[in-house]
1. Of the heavy-atom accessible surface of region 97-211 (probe 1.4 angstrom), what whole percent is carbon and sulfur?
2. Give me the base-10 log of I(q)/I(0) for region 119-228 at each q in 0.09, 0.13 Å⁻¹, Debye formula, one uniform scatterer per Cα, rounded to two decimals.
3. Taking K and R as +1 and D and E as -1, what net charge do the other residues with C-beta under 15 Å from the C-beta of G84 add up to?
4. Provide the per-residue ³J(HN,Hα) series for region 135-148, in order, calculated from phi with Karplus coefficients 6.51, -1.76, 1.60 and θ = phi - 60°, each as a whole number of Hz, with x at glycine and proline positions.
5. What order, most packed first, do the peptides 72-83, 120-131 have when packing is the mean number of other Cβ atoms within 10 Å of each residue?
6. For region 76-91, just list the computed ³J(HN,Hα) in residue order, Karplus coefficients 6.51, -1.76 and 1.60, θ = phi - 60°, integers in Hz, with x standing in for Gly and Pro.
7. Please work out the average accessible area per residue across region 49-174, using the 1.4 Å probe convention, and give it in Å².
Amino acid sequence: MAKKKDQEDEVIVDIEEVYSKSEEFVEKYKKQLTYVVGGIGLVIAGYFAYTKLYLEPLESEAQSEMFKAEQYFRQDSLEKAINGDGVAYGFVDILDFYGGTKSANLAHYYLGIAYLRQGLFEDAIDELEEFSSDDVMLTSIAEGAQGDAYMELGDKKSAVAQYMKAAEVKPNGYSSPIYLIKAGQALESMGEYKDAVEVYESIKEDYPESQEGRDIDKYIARASSFVN
C-alpha cells in the first residue's frame, strides 16, 4: 500500500513539475507566443477575407463570363469558344483573368476537348492534365480524351495507360467498358493480343450487361485468334 502511495505521489510531483515548467515557459516567452497566436489569427482572418471578399465574387463573375463560351462549345463553334467573339470571353480569357477559380479549372477541360476536336493533340493533353474534378464522368472523359490524343500522336502505350485510368476512375457499367474497349483495341494495334484478350475478358466478367459486354465475344475471338 505504501509503495502504491509513493507511486501516486511521484505522479502528482511529475504533473506539478510539468505544470510549473509550462508556466515558466509561457512567462519567459510570453511576448513571442503573443506574436505567434496573433499571427495565426491574422492568417485565419486573411483566409476568410480572401475567400469571402475576393474569391467568391471572382468565382461568380467567372461563371457569368464563361457562359457564352460554353454556349459556343455546345454549338461546336470551337474557335469562338476558345478565343471569344470579340465581346464575350473565350476559355483562354477565363484562364487569363480568373485563374484559381473553379471556372478556370473547368476551362481547362473545355479547352482540352476543343483542342482535341481541332487536331491540336499536344495542346489537348496539356490542358486536360491541368483539369481535376470530383465528377466521375468528367474525370473519365478527360482521362479518356488524353488517350485519344495519344493515339493520334502514335503513342499507343500512353494511350492504353490513359484508357485504363479512364476506366478505373470509379468503375461503372457505362464509361468503364467504353474505355476498356478502347484500351483493348489499342493493345491489338500494338500486337499485344494476349493483353487485349485479358482486357476484353474483364468486360465480359465485370460488365456483361453493358452494350460493350453484349458484343464482347467477337472482340475476344478476334484477339484470341492471334495469340500463340
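The values are calculated or read from the model by the stated rules, or taken from the named source; none is laboratory data. Bear in mind the structure is a predicted one, so any value in this text is a computation, not a measurement. A quick note on method: Cβ atoms are made from the backbone with ideal geometry, for glycine too, and the neighbour counts reach across all protein chains shown. Accessible surface areas use protein heavy atoms only, side chains included; no ligands, DNA or RNA. Shrake-Rupley method; radii C 1.70, N 1.55, O 1.52, S 1.80 Å.
1. Of all accessible area on region 97-211, carbon and sulfur atoms account for 47 percent.
2. Here log10 of I(q) over I(0) equals -0.22, -0.46.
3. Values: positive: K68, K80; negative: E65, E70, E79, D85, D93, D96.
After counting each charged neighbour, the total is -4.
4. For region 135-148, the Karplus curve yields 6, 4, 5, 4, 5, 4, 5, 4, 5, x, 5, 5, x, 4 Hz.
5. Packing order, densest peptide first, comes out as 120-131, 72-83.
6. Rounded to whole hertz, the list is 6, 8, 5, 5, 5, 4, 6, 10, x, 10, x, 10, 7, 6, x, 5.
7. 54
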